[in-house]
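Here the structure is laid out as structure tokens; the discussion comes afterwards.
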Amino acid sequence: MLIVRAPMRISFVGGGTDLSDFYRHSPGRVISSAIDKYVYVAINRPPLIRHVSARYSASEIVDHPSMLKNDRIREALLELGILSNIEVGTFTDVFVNAGLGSSSSFAVALMKGLYATLGKRIDRQEAAEAACRLEIDLVKEPIGKQDQYAAAFGGFNVLQFNPDGSVGVTPLRLDYKQRLNRESHVLVFFTGITRQAASVLQEQKEETHNKIATLKGLADSVFEFRDRLLAGDLAGMGRMLHEGWLIKRTLASKVSNTAIDDMYNAGMGHGAWGGKVLGAGGGGCVMFLAPRETHSFIRQALADAAKKHALDGFSEIPVRFVHSGVEVITNRNSFDRKSAF
Amino acid sequence: MDEYIRHFSTSVAAALQALPAKEIAKALDILQATYERDGRIYVFGNGGSLALATHWVSDFNKTVFSHHLDNHARRFQAIRLPTTEEELTAWANDVGFDMVFAGPLRNYIQDSDTVIAISSSGNSPNVVKAVELAKSCKVPVIGISGFDGGRLNAIADAKIVIPTEKGQYELVESVHGVILHLMARYFKDYFDYMTEQT
């Protein structure tokens, strides 16, 4: 039995520039941080049970991985030639499809874990690449690469997506005071609306060629956001989030809706410096940067707005920034250490 | 005599002025991530470096939490290798001196762990052997070296090297002591601050 985990993430600026339709023309950039909410993948190779078993929100037991409905697990097993005697299960700290990058965290943890069961340890870079190949090339999701890298590396990073397909990861070295200070001004709320990122991103991807100049501006603004973050200019960071959100809303029609607009405006109307919807948009989580003394007012205003739209699933998600990326938590395979030495 | 003393202190002060801050920051982030995943930290070296390793373990396992020993559900798990003199001499006598660190490390090492290797030359065969084992397990390595950094600095993830002429052991080990204390102090301040905030 082997257990792997990978963190979810909050992305601040530059979303959309990690789509190949953009970065093929001009380098994309994203600034994001891993958070203390994880996706766990447990993998077992039972020697006497030939079936292939996948346990997530559904449970599947089949004779061959090609028969699995879960596309990521199916394609990963086929890719690695693991055709029998395997059980894969997954667990998460918060809702999936909430804009926290959980599906890519899952892909990263899955690839790291499956390689480990084959006796091969892959590092963070290899795990990110393997997850990108799984999600983009094999499953053919219309998504970018930022989430796989954020999950694999952990920490606060500027990610750069180069036209040749390579990805640069530059960690921001915040000390503990800076880190705790920045995170104590962040508020994250799950709207109660889940969505498939693919549905929003497909339209955005198709529109990318019309929005090159806009996206280039977003990619360039990552440096300014980084500088404000390092300097502790939280109000300036908030303003940039707000401007970025206004731009993002123009990138695809499904990015926002009335309920999201109401919640966002409630936060802004109660003292937030700025905010955005996390992930592709259309639902998921809304984040604010706000002075601490406004937090209780924003919480109440958001709860009222959610009630108005009958969103029962609405809740606050407290987050901390973490340094850990994808990692094997437990490895009880007997052959493991022998193969390492 | 004055001049001799001043000469030594000047060279130590110059090395301190040029501390590799970026690599130390990277090492602190590696330790933070290890703490988050409840991994263990193995630390080792030869001679004076082994003394530094042992000293650091006591700082990290106890002193960083000393004001709030009961306030943290989880503490650091730093382990000096080998853990006993008996183990050290057994490996050295029965298997070979190059195995005194790699031998015990293989008994313990798991994916969630971290290694700190201390070697002034960066080329001690027993240190390099253990670091290569850690690298093959994809476990992060903080390399603390001097002179030209040697093989240790080449393969470590956090490359903390105090560049000096070959043979400047006293200078290098003195600065290593400062860096190890900096790491301990960072986490002590961090846990103090966290406790004050809550």
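The requirement of being touching a residue at least 60 places away in the same chain (Cβ under 8 Å), of a type outside the set (Asp, Glu) and either in a helix (DSSP H, G or I) or closer than 21 Å to residue A:169 by Cα (or both) is satisfied by residue A:219.
Only helices (runs of 4 or more DSSP H) whose full extent lies in the stretch B:7-98 are considered here, and the ones with at least 1 residues that are free of Cβ contacts under 8 Å to residues at least 24 places away in the same chain and charged (D, E, K, R) are B:21-36, B:85-94.
Per-residue answers, yes or no, for (1) assigned to a strand (DSSP E or B); (2) in contact with a Gly (Cβ under 9 Å, 6 or more places away or on another chain); (3) touching a residue at least 40 places away in the same chain (Cβ under 8 Å):
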{"residue": "A:297", "(1), (2), (3)": "no, yes, no"}
{"residue": "A:300", "(1), (2), (3)": "no, no, no"}
{"residue": "A:312", "(1), (2), (3)": "no, yes, yes"}
{"residue": "A:318", "(1), (2), (3)": "no, no, yes"}
{"residue": "A:325", "(1), (2), (3)": "no, yes, yes"}
{"residue": "A:330", "(1), (2), (3)": "yes, no, yes"}
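If only residues of the stretch A:104-136 that are modelled with pLDDT of 95 or more and either acidic (Asp, Glu) or touching a Ser or Thr at 6+ places or on another chain (Cβ under 7 Å) (or both) are counted, the one that is surrounded by the fewest Cβ atoms within 10 Å (Cβ to Cβ) is A:126.
Can you name every residue in the stretch A:120-131 that is within 14 Å of another protein chain (Cβ to nearest Cβ) and not in a loop (DSSP other than H, G, I, E, B)?
Listed by number, the residues that qualify are A:124, A:125, A:126, A:127, A:128, A:130.
On the stretch given as the stretch B:146-198, residues that are away from chain A (no Cβ under 13 Å), farther than 20 Å from residue B:15 by Cα and among the charged types (D, E, K, R) total 1.
Pairs meeting the criteria (first residue in the stretch B:159-170 and over 9 Å from residue B:120 (Cα atoms), second residue surrounded by fewer than 21 Cβ atoms within 10 Å (Cβ to Cβ) and basic (Lys, Arg), beta carbons under 9 Å, at least 6 apart or on different chains) are B:159/B:26; B:160/B:26.
The rows are residues; the columns are (1) of a type in the set (Val, Ile, Thr); (2) away from chain B (no Cβ under 14 Å); (3) under 19 Å from the mean Cα position of the chain (by Cα).
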residue: A:268; (1), (2), (3): no, yes, no
residue: A:276; (1), (2), (3): no, yes, yes
residue: A:283; (1), (2), (3): no, yes, yes
residue: A:292; (1), (2), (3): no, no, no
residue: A:296; (1), (2), (3): no, yes, no
residue: A:306; (1), (2), (3): no, yes, no
residue: A:318; (1), (2), (3): no, no, yes
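Annotation note: of B:89, B:63, B:10, B:54, the sole residue that is away from every other protein chain (no Cβ under 14 Å) and surrounded by fewer than 12 Cβ atoms within 10 Å (Cβ to Cβ) is B:10.
Determine, yes or no, whether residue B:138 is within 14 Å of chain A (Cβ to nearest Cβ), in contact (Cβ under 8 Å) with a residue 24 or more places away in the chain and among the basic types (Lys, Arg).
Against the criterion (within 14 Å of chain A (Cβ to nearest Cβ), in contact (Cβ under 8 Å) with a residue 24 or more places away in the chain and among the basic types (Lys, Arg)), residue B:138 qualifies.
When B:14, B:18, B:25, B:33 are checked against the criterion of being under 27 Å from residue B:152 (Cβ atoms) and either out of contact with any Pro (no Cβ under 9 Å at 6 or more places or on another chain) or among the acidic types (Asp, Glu) (or both), B:14 stands alone in meeting it.
So, of the residues in the stretch A:23-39 that are within 10 Å of the chain's Cα centre (by Cα) and either of a type in the set (A, V, I, L, M) or not in a strand (DSSP E or B) (or both), which turns out to be surrounded by the most Cβ atoms within 10 Å (Cβ to Cβ)? Going through the qualifying residues, I end up with A:34.
Which of the residues spanning the stretch A:232-263 are assigned to a loop (DSSP other than H, G, I, E, B) and not polar (S, T, N, Q)?
Scanning the stretch A:232-263 gives A:232, A:233, A:249, A:251, A:252, A:254, A:255.
Taken over the stretch B:73-95, the residue count meeting the criterion of being of a type in the set (Gly, Ala, Ser) and more than 22 Å from the chain's Cα centre (by Cα) is 2.
Filter the stretch A:72-119 down to residues that are within 14 Å of chain B (Cβ to nearest Cβ) and among the small types (Gly, Ala, Ser) and give me whichever is farthest from residue A:33 (Cα to Cα). Among those that are within 14 Å of chain B (Cβ to nearest Cβ) and among the small types (Gly, Ala, Ser), it is A:119. Being assigned to a helix (DSSP H, G or I) and buried (at least 24 other Cβ atoms within 10 Å of the Cβ) is the filter here, so list the residues in the stretch B:113-133 that pass it. The answer is B:127, B:130, B:131.
Tell me which residues, restricted to the stretch A:81-92, are under 23 Å from residue A:283 (Cβ atoms) and touching a helix residue (DSSP H, G or I) at 6+ places or on another chain (Cβ under 9 Å). A:90, A:92, listed by residue number. Checking the stretch A:235-250 against the condition returns a match, with at least one residue being at pLDDT below 95, surrounded by 21 or more Cβ atoms within 10 Å (Cβ to Cβ), of a type in the set (Gly, Ala, Ser) and under 24 Å from the mean Cα position of the chain (by Cα).
Find the residue count for the stretch A:8-22, including only residues that are in a strand (DSSP E or B) and either among the small types (Gly, Ala, Ser) or over 30 Å from residue A:77 (Cβ atoms) (or both). Residues that pass the stated criteria total 4.
Looking only at the stretch A:162-182, which residues are of a type in the set (D, E, K, R), within 11 Å of another protein chain (Cβ to nearest Cβ) and not in a loop (DSSP other than H, G, I, E, B)? Passing the criteria: A:177, A:179. Given the condition of a type outside the set (Asp, Glu), touching a Cys at 6+ places or on another chain (Cβ under 6 Å) and crowded, with 19+ Cβ neighbours inside 10 Å, answer yes or no: does some residue in the stretch A:274-294 qualify? Checked the stretch A:274-294: at least one residue is of a type outside the set (Asp, Glu), touching a Cys at 6+ places or on another chain (Cβ under 6 Å) and crowded, with 19+ Cβ neighbours inside 10 Å.
In the condition set (1) buried (at least 16 other Cβ atoms within 10 Å of the Cβ); (2) out of contact with any Asp or Glu (no Cβ under 7 Å at 6 or more places or on another chain); (3) at pLDDT below 95, residue A:101 is compliant with all but (2). Examine the stretch A:139-147 for a residue that is in a helix (DSSP H, G or I) and either small (Gly, Ala, Ser) or under 15 Å from residue A:32 (Cα atoms) (or both), and state whether such a residue exists. Yes - at least one qualifying residue is present in the stretch A:139-147.
The values are calculated or read from the model by the stated rules, or taken from the named source; none is laboratory data. Since the structure is predicted, the reported quantities are computational estimates derived from the model, not experimental observations. For neighbour counting, all protein chains shown are included, and Cβ atoms are generated from backbone atoms with ideal geometry for every residue, glycine included.
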